[in-house]
1. Quick one, what does Rg over Rh come out to for the stretch 53-116 if you take C-alpha atoms and the Kirkwood Rh?
2. Only bridges whose two residues both fall in the stretch 2-118 count here: according to DSSP, what percent of them are antiparallel, nearest 5?
3. Can you tell me the relative contact order of the stretch 2-118? Whole percent, Cα pairs under 8 Å, sequence separation 6 or more.
4. For Tyr52, enumerate residues with amide H under 5 Å from its amide H, sequence gap 5+ or separate chain, H modeled in the peptide plane.
5. Taking the inverse of the average 1/r across all pairs of different Cα atoms in the stretch 2-118, what Kirkwood radius in Å do you get?
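Derivation of every value follows stated rules applied to the coordinates shown; laboratory data play no part. Model, not experiment: these values are computed from the prediction.
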Amino acid sequence: MSDATAHTPAEGEPLIAPSSEAHPRYEEVVEAIRSVYDPEIPVNIFDLGLIYSIRIDDENAVEVDMTLTAPGCPVAGEMPGWVADAVEPLPGIKQVDVRLVWEPPWEMSRLSDEARLELGFM
């Protein structure tokens, strides 16, 4: 089951929570998220820098914090569900919760080198 909610960090909470990069399932989750594309930009949302944090606990429950390129994005209500739908089918994943965050705001510096190349910025 997925949960897509908007989130504002509490006072003292880091703007971007650290990801579980050492978790053995981390790369698999990243690859699943890379299958999700922004409908207006021909680059996956991970390389666009829209994924701020991926946390995976010991029972393989996944929490994803993501943003959008702009708050008025026409698919704002749908994109978190697309992320959950991409990750949930992975074998052994217990649940996926996706939070939409607005702080810090997305900026072009979050683009991966692959995205910069695809978009003609390199």
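1. On the way: Rg = 13.1 Å, Rh = 13.0 Å.
My calculation of the ratio gives 1.01.
2. Working: 6 of 18 bridges.
Here the share of antiparallel DSSP bridges comes out near 35 percent.
3. It rounds to 35 percent for the stretch 2-118.
4. Sorted by chain and number, the residues that satisfy this are Asp65, Met66, Thr67.
5. Values: mean 1/r = 0.0698 Å⁻¹.
It is 14.3 Å.
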